[in-house]
Amino acid sequence: MGRITQRTIESIQERLPISAVVSKTVQLKRAGREWKGLSPRTREKTASLYVNDQKGMAFDFSAGVMSNIFDWVMEFEGLAFPDAVERLAAEAGVEVTREGLARETRESQQAREEAFAAMECAQRFFEDQLFRYTPAHDYLRARGITGRTARDFGIGWAPPPGKCLINHLCDEGFSPATILQCGLAKQDDGKIRPFFAGRITFPIRNRQGRVIAFGARSIEGSLPKYINSPQTPLFDKGSAIFHLDQARRAIARSGHAILLEGYFDVAAVCQAGIENVCATMGTALSVEQLHKLWRVCPHIVACYDGDAAGSRAADKALETALPWLAADRRFSVARLPAGFDPDDLVRTSGLAAFQAVTRSAEHPTDSLWRVLRAENPGADPATIAALETGAKSRLAVVSDETMRRAMLDSLRDRIRGLRTGKTGSGAISIARRAVAAIPAREAALVLAAVLHPAYVEHELEAFATAEVRAPLCQQLRDLVVGRVSDGEPIDVESVARDVAVLRSALPDPEPSFVARVDLGGFREALQMQAAQSARRRLSSLPMASAIA
């Protein structure tokens, strides 16, 4: 029988915290970021056994023994290593895979290293192509992504269908078999074609920072909008977490990870100044990803898009996390305003608005209460009974008894409060109040300039120096000024989401110079904006300065 693969061992360690295993032998108590208990090896009255889930180790200072999860089970359950792995794999829900003969093992390791090298070569190629293709560069600029952020994230461009990537990799010495194996190409009608074509690319890296896959977005309307690398020997999308390799220190330092849905969300939020962000690449949150994050920090804040799909994804993520919740494994849901994703919120309303949303994230009991009340509105006896039954049913999966009891008590308090009209719900939408409104005149001026660039040609200096305060308006104003100054057209489709946001800030009916070409109306609005800015600056001066 072949040797158990290293991947199986790592998957068990990532999914199963060592404290959950040690606690079956020793009664543990929380001690800061660790757990402590009495040594099972010596007779002692003062706890000297410390268990650290982040390190995956148990330290027994009285006996001078250090154990990982497998050492512990082998010692205290009397199992051989293969049996210990099988036992823990069953508990963690991991499939045990085995290597072949030693020769096959060496060959598979060589093939794995060859695949890593091919992925790094492809990454350098994509990065080089980005600044050779103007529409891709312009798309990033329209999304507010700076050159520095593009470099930090390794953002690239996969050229349209053709063999340039495949030819490049072959010229670098990689075989077609390797290119296919690592998901950079696919076979179509007997021909090898690139897997990514005509898309912005984001490298997905493992814990060691090595490229294992790519995520990619179309910029010209082709569907699907986003695609990921296929499953490969390097990449398992159920366990990989985008940006975790770079965010790990910030997550550990802050004590919580902010979990987003997409690449651009992570890039925009990180660029704004929040570094403890990562993403599941648009796929459902898995148990393995949860534990991978919990090993770094005790608290995960899921912040998905503010639409129906995002709400369903957040509820599904909470359902996945619920059985594992404990004092050191917390999970909250940050609700964005309807129609916004993290990228939109940061660009339109600034960093403070996003921080307000994540700080007001729902505790799981808030989320469960919201779901229960949606299913059982009213306050009659039958409804109260249904709420009680529903609360017990949903919390039955929480394995940590202390957490389960605390959450049930909280829900029961709210159920009792229905009789007095005091539900204690924490579901007030602070997120909505956090979104700074875009002034209507700013929105109208910038939107008109995007839709009718001729305005800017006639009033370039006045528009370029006009004071606009909303971040989204500043960003689009600079984009329009740059394009007009260079004599290049504005791709309205590439900023369609931003256009929709600005339209939502306009009065009804919208100003005439937005709906149609009206240079006089645009000039008048510019003058009014300048006058308002002057009054605002004057009112901010000290009284003495104003008199002088």
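Side notes on the structure shown:
- Any hit, segment 38-47, residues being under 14 Å from ASP328 (Cα atoms) and either touching a residue at least 24 places away in the same chain (Cβ under 8 Å) or assigned by TED's automatic domain parsing to the domain that holds PHE76 (or both): no
- Looking only at segment 124-137, and only at residues there that are of a type outside the set (Phe, Trp, Tyr) and surrounded by 19 or more Cβ atoms within 10 Å (Cβ to Cβ), the one that is nearest to GLY262 (Cα to Cα): ALA136
- ALA470 being modelled with pLDDT under 85 and either within 26 Å of ALA352 (Cβ to Cβ) or assigned by TED's automatic domain parsing to the domain that holds THR134 (or both): yes
- GLU95 being surrounded by fewer than 14 Cβ atoms within 10 Å (Cβ to Cβ), in contact (Cβ under 8 Å) with a residue 40 or more places away in the chain, farther than 30 Å from LYS45 by Cβ and of a type in the set (Asp, Glu): yes
- Residue tally, condition in contact with a helix residue (DSSP H, G or I) (Cβ under 8 Å, 6 or more places away or on another chain) and either hydrophobic (A, V, I, L, M, F, W, C) or within 24 Å of ALA326 (Cβ to Cβ) (or both), over segment 367-385: 6
- Identification of strands (runs of 3 or more DSSP E) wholly contained in segment 163-281 with 2 or more residues that are farther than 24 Å from ASP315 by Cα yields 185-188, 191-194, 199-205, 211-218.
- Residue that is within 26 Å of ALA252 (Cβ to Cβ), surrounded by fewer than 24 Cβ atoms within 10 Å (Cβ to Cβ) and not aromatic (Phe, Trp, Tyr), where the choices are LEU345, LEU336, LEU351: LEU351
- Qualifying residue in segment 249-260 (condition: without any contact (Cβ under 8 Å) to a residue 40 or more places away in the chain and either under 30 Å from GLN110 (Cβ atoms) or touching a Cys at 6+ places or on another chain (Cβ under 7 Å) (or both)): no
- Residue match in segment 443-454 (condition: modelled with pLDDT of 85 or more, assigned to a helix (DSSP H, G or I), outside the structural domain of GLU220 (by TED's automatic domain parsing) and surrounded by fewer than 17 Cβ atoms within 10 Å (Cβ to Cβ)): yes
- Condition met for ALA272 (in the same structural domain as GLN129 (by TED's automatic domain parsing) and crowded, with 16+ Cβ neighbours inside 10 Å): no
The values are calculated or read from the model by the stated rules, or taken from the named source; none is laboratory data. Predicted model, so just to flag it, every value in this text is computed and none were measured. Virtual Cβ from ideal backbone geometry, glycine too; neighbours counted across all protein chains shown.
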